[in-house]
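Before any comments, here is the structure.
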Amino acid sequence: MSTNKLQMPILFIPHGGGPMPLLGEPNHRSLCEFIKNIDTNYLANLERKPAAILMISAHWEEPVATVSSAAAPDMLYDYYGFPPESYEIEYPALGDKQLATHILTLLQQQGIESKLDSERGFDHGTFVPLKLMYPQADIPVVQLSLVNSLDPQSHLDIGAAIASIAEQGVLVIGSGFTFHNMQALLQNMRSPMESTLQKSKEFDLWLNTAVKEHGGSSQEGQQQIVDWKNAPQALFAHPREEHLLPLLVCMGAAQELQYTPENIFDETFLGVKTSGFIWR
């Protein structure tokens, strides 16, 4: 990492189930503590707080890469069946249209089809972790969508295209989950299954190895990630890959900056092996 005083690391974090981390749900206790303490444990040595945050949430997909540009984003309660108080949560952070336009330019310079969205509100993949990390909501937040083709290489390329914003004081956060088989997770909340835990461990071991190999200039490591569906238990861990793709955006940016990865959430969560990463 360079001595640039503005330079920020890159994070990938699990955001838990819907609004449950903010509702005191007991199974989310360790995850909440982890997210609450990210700033203290991993960002405290920085010479300044982030100038802005770019969130890549698993809960926003568009036909092309889309950047939020609202000045004061609304709340998007994109879940159902939760208590009334979960629909009253507020996260009044401002947006940053200048940053959004800059990100759009970076994407278009690399030939990546992209657009701005001036109406997009904060979905729970954004406001849940940020309300834990930065409850004061005093840092501007811009969101970047996934592309609904769900193509792995495209998301690595998106990350590489926007990497330079980390050198300009912007904290890039991928918000998803390294295991996202909802049927298995719901079953685990009722009665944990040892077979589910074992399968999640197999995929998590592969993923950690692939993240580390991708951390440098290894073409082999990058190809492993592109071909993630061939990994052990991959399609069990991710029947649909939208919760994995924010990780790929982070990896693309981190490789461009030659950052080194570190697993910072190496835990069993909701009965499955789960990881979170920082690159710096």
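Assorted remarks:
- Residue-averaged 222 nm ellipticity for the chain, from DSSP H runs of 4+ at -39500 (n - 2.57), nearest 500: -10500 deg cm²/dmol
- Eigen-decomposition of the gyration tensor built on the alpha-carbon atoms of region 104-146 gives equivalent ellipsoid semi-axes of 25, 11, 9 angstrom, largest listed first.
- The spacing between region 88-111 and region 152-220, judged by their C-alpha centroids, is 23 Å.
- Pairs from LYS229/LYS273; LYS5/LYS97; LYS49/LYS131; LYS131/LYS212 whose Cα-Cα separation, in the structure shown, is over 26 Å: LYS131/LYS212
- Sorted peptide list for 104-111, 129-136, criterion being average Cβ within 10 angstrom, highest first: 129-136, 104-111
- A simple rule links phi to the HN-Hα coupling: the Karplus curve 6.51 cos²θ - 1.76 cosθ + 1.60 with θ = phi - 60°, which for region 13-22 gives 10, x, 9, x, x, x, x, 4, x, 9 Hz, with x for Gly and Pro.
- Taking amide hydrogens as placed 1.01 Å from N in the peptide plane, the amide H of SER69 sits under 5 Å from those of ASP117, SER118, GLU119, ARG120, each at least 5 positions away in sequence or on another chain.
- Here the 3J(HN,Hα) profile of region 55-71, calculated from phi with Karplus coefficients 6.51, -1.76 and 1.60 at θ = phi - 60°, is 9, 10, 9, 5, 9, 9, 10, 9, x, 10, 4, 10, 10, 6, 10, 5, 6 Hz, Gly and Pro shown as x.
- Take 32-43, 60-71 and order them by the average number of nearby Cβ atoms within 10 Å per residue, most first; the result is 60-71, 32-43.
Every read-out reported here was derived from the displayed coordinates using simple, explicitly stated rules and does not represent laboratory data. Everything quoted here is computed from the prediction, not taken from an experiment. Neighbour counts run over all protein chains shown; Cβ positions are idealised from the backbone, glycine included.
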